[in-house]
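The values are calculated or read from the model by the stated rules, or taken from the named source; none is laboratory data. Since we're looking at a predicted model, the values are computed, not measured. Cβ: placed from backbone, ideal geometry, glycine included. Neighbour counts: every protein chain shown. Please note that ligands, DNA and RNA were not included when accessible areas were found on the heavy atoms of the full protein model with its side chains. Shrake-Rupley method; radii C 1.70, N 1.55, O 1.52, S 1.80 Å.
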Amino acid sequence: MVALSGAHTIGQAACTNFRSRVYGETNINAAYAASLQGNCPQSGGDGNLTPLEVSTPNALNNAYYGNLVSQRGLLHSDQQLLNGGSTDALVRTYASSAAQFSADFSSAMVNMGNIGVLTGAQGQVRLNCAKVN
């Protein structure tokens with residue numbers, strides 16, 4: 001899961017998904033939080049977008065993990081990967097080794113692709129990912 005989270009090096013998040021982190025959490029770099037507040041006010045601007053990883057937002061690489069080490073994870077769930085828990089060592093490894101991240105990410109994607117998908121009457125395309133239709 002730590003390797004797959006590296007996909008957050010590409011893409012954007014809406015203000016509504018990181019506002020509470022920017023204004024209410026302490027494990028965020030203060031200068032980074034201040035820079036995000038310019039595009040994500042305390043109220044309004046819910047749809048304003050910010051890159052998940054600002055230094056190379058269009059490249060799949062290990063920069064995401066370096067940001068976590070610097071407390072610059074945009075989403076709460078991202079920064080939890082480096083917050084005094086069992087995943088800290090792996091985050092630090094990926095931050096320092098692009099090759100290790102690339103190898104583990106590739107393997108994790110193949111494993112995820114091999115998960116059996118329910119189809120037809122056995123499966124369901126959810127209209128809202130958070131709940132069963």
Identify all residues within region 57-97 that are more than 15 Å from N29 (Cα to Cα), under 10 Å from the mean Cα position of the chain (by Cα) and hydroxyl-bearing (S, T, Y); write none if there are none. S77
Please tell me if A33 is in contact with a helix residue (DSSP H, G or I) (Cβ under 7 Å, 6 or more places away or on another chain) and either among the basic types (K, R) or crowded, with 17+ Cβ neighbours inside 10 Å (or both). yes
Just for region 42-83: of the residues that are touching a Cys at 6+ places or on another chain (Cβ under 8 Å) and open to solvent by 20 Å² or more (accessible area, probe 1.4 Å), which one is farthest from F101 (Cα to Cα)? G45
Exactly one of (1) out of contact with any Phe, Trp or Tyr (no Cβ under 9 Å at 6 or more places or on another chain); (2) under 21 Å from M1 (Cα atoms) is unmet by T16. Its number? (2)
If V117 passes every condition in (1) more than 18 Å from M1 (Cβ to Cβ); (2) aliphatic (A, V, I, L, M); (3) open to solvent by less than 60 Å² (accessible area, probe 1.4 Å) but one, which one does it miss? (3)
Say whether the condition of being touching a residue at least 60 places away in the same chain (Cβ under 8 Å) and either at positive phi or polar (S, T, N, Q) (or both) is met by at least one residue in region 105-128. yes
List the residue pairs whose Cβ atoms are under 6 Å apart, where the first residue sits in region 23-49 and is β-branched (V, I, T), the second is outside any helix (DSSP H, G or I), and the two are 6 or more positions apart or on different chains. I28/Q71
In region 1-29, anything more than 25 Å from A95 (Cβ to Cβ) and not in a helix (DSSP H, G or I) is listed as A14
